[in-house]
1. Of everything in region 161-183 that's of a type in the set (V, I, T) and crowded, with 16+ Cβ neighbours inside 10 Å, which residue is farthest from I141 (Cα to Cα)?
2. Identify, please: which residue in region 203-220 is touching an Asp or Glu at 6+ places or on another chain (Cβ under 9 Å) and assigned to a loop (DSSP other than H, G, I, E, B) and is, among those, modelled with the lowest pLDDT?
3. If you check every pair at least six apart or on different chains, which have Cβ atoms under 7 Å apart with a residue in region 29-55 that is at pLDDT below 95 first and a residue that is among the acidic types (D, E) second?
4. Any idea which of A61, A82, A67 is surrounded by fewer than 19 Cβ atoms within 10 Å (Cβ to Cβ) and among the hydrophobic types (A, V, I, L, M, F, W, C)?
5. Looking only at residues in region 43-58 that are within 14 Å of W10 (Cα to Cα) and among the aliphatic types (A, V, I, L, M), which one is surrounded by the fewest Cβ atoms within 10 Å (Cβ to Cβ)?
6. Could you list all residues from region 92-147 that are of a type in the set (V, I, T), in a helix (DSSP H, G or I) and surrounded by 20 or more Cβ atoms within 10 Å (Cβ to Cβ)?
7. Conditions: (1) of a type outside the set (V, I, T); (2) surrounded by 15 or more Cβ atoms within 10 Å (Cβ to Cβ); (3) within 20 Å of A244 (Cβ to Cβ); (4) out of contact with any helix residue (DSSP H, G or I) (no Cβ under 8 Å at 6 or more places or on another chain). D31 meets all but one. Number of the miss?
8. Would you pick out the residues in region 172-188 that are in contact (Cβ under 8 Å) with a residue 12 or more places away in the chain and outside any helix (DSSP H, G or I)?
Amino acid sequence: MRRRLAAGNWKMNGRLADLDQLAKIASAYPDPACDMLLCLPATLIHTAAARLSDTSVMVGAQDCHCAASGAHTGDISAVQLADAGARAVIVGHSERRADHSETNGTVCAKALAAHGAGLTAVICLGETLAERDAGRTLDVIGAQLAASVPEAAGAENTVIAYEPVWAIGSGRSATSDQIAQVHAFLRAGLVERFGTQTGTAIRLLYGGSVKPDNATEIFAIPEVDGALVGGASLTADDFCPILAALAAAQD
């Protein structure tokens with residue numbers, strides 16, 4: 001059975017004082033039934049990793065450069081993130097794809113860099129509202145899966161997160177049927193590409209306005225192994241109920 005994962009994405013939020021929220025989460029779940037990952041702004045990673053070193057909460061990053069070092073002013077490499085204490089890094093988030101014109105090829109290169117640095121790559125896929133309304137959801141997701149996920153991907157270094165762009169931060173979540181359709185498609189695609197053993201072992205997360213009041217329903221959907229949570233991961237009061245729902249689903 002795949003161990004479930006709750007991954008938080010703080011995006012461009014949080015300062016040192018806000019790390020108290022992580023301590024509350026860690027103390028509430030000293031021996032959790034699911035994995036916990038919080039992807040923080042780069043400014044907080046080193047301090048957070050040190051504070052959480054004796055807990056079950058893993059610290060991650062939100063992006064990395066595809067090169068290990070070099071003349072890339074303002075960028076951060078996967079090697080540097082690992083050195084700061086990160087265990088994972090999000091790549092290909094729709095906000096990076098849209099705001100920074102990242103292509104599937106760029107995302108794949110970043111995932112490879114993450115793997116090379118010993119980090120888990122949380123690779124994000126998702127369609128826009130226009131693409132869904134045009135009936136192109138599975139075509140878009142299939143193309144992203146094929147071109148964004150490296151050949152060396154496996155359960156030990158890769159997590160796939162389906163985040164419909166139109167649901168991120170909108171307060172609107174995809175329906176259970178919509179989520180189930182895409183996750184079943186992703187699972188089939190992974191099995192076809194990597195074989196049954198690897199394809200069934202890679203975890204699939206859902207992201208897109210996951211909140212305490214819809215978490216239980218989402219986690220009951222087949223092939224949903226957890227969530228990539230945005231705004232609701234910023235406070236223990238919001239994130240802990242999601243963790244509780246995921247732990248119950250694990251059982």
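The values are calculated or read from the model by the stated rules, or taken from the named source; none is laboratory data. No experiment lies behind these values; they were computed from the predicted model shown. Note: ideal-geometry Cβ built from the backbone for every residue, glycine included; neighbour counts use all protein chains shown.
1. Result: I168.
2. Once the filter is applied, the top-ranked residue is G208.
3. A33/D251
4. A67
5. The qualifying residue surrounded by the fewest Cβ atoms within 10 Å (Cβ to Cβ) is M58.
6. Passing the criteria: V107, T137, I141.
7. The failed condition is (2).
8. Selection gives R172, S173, A174.
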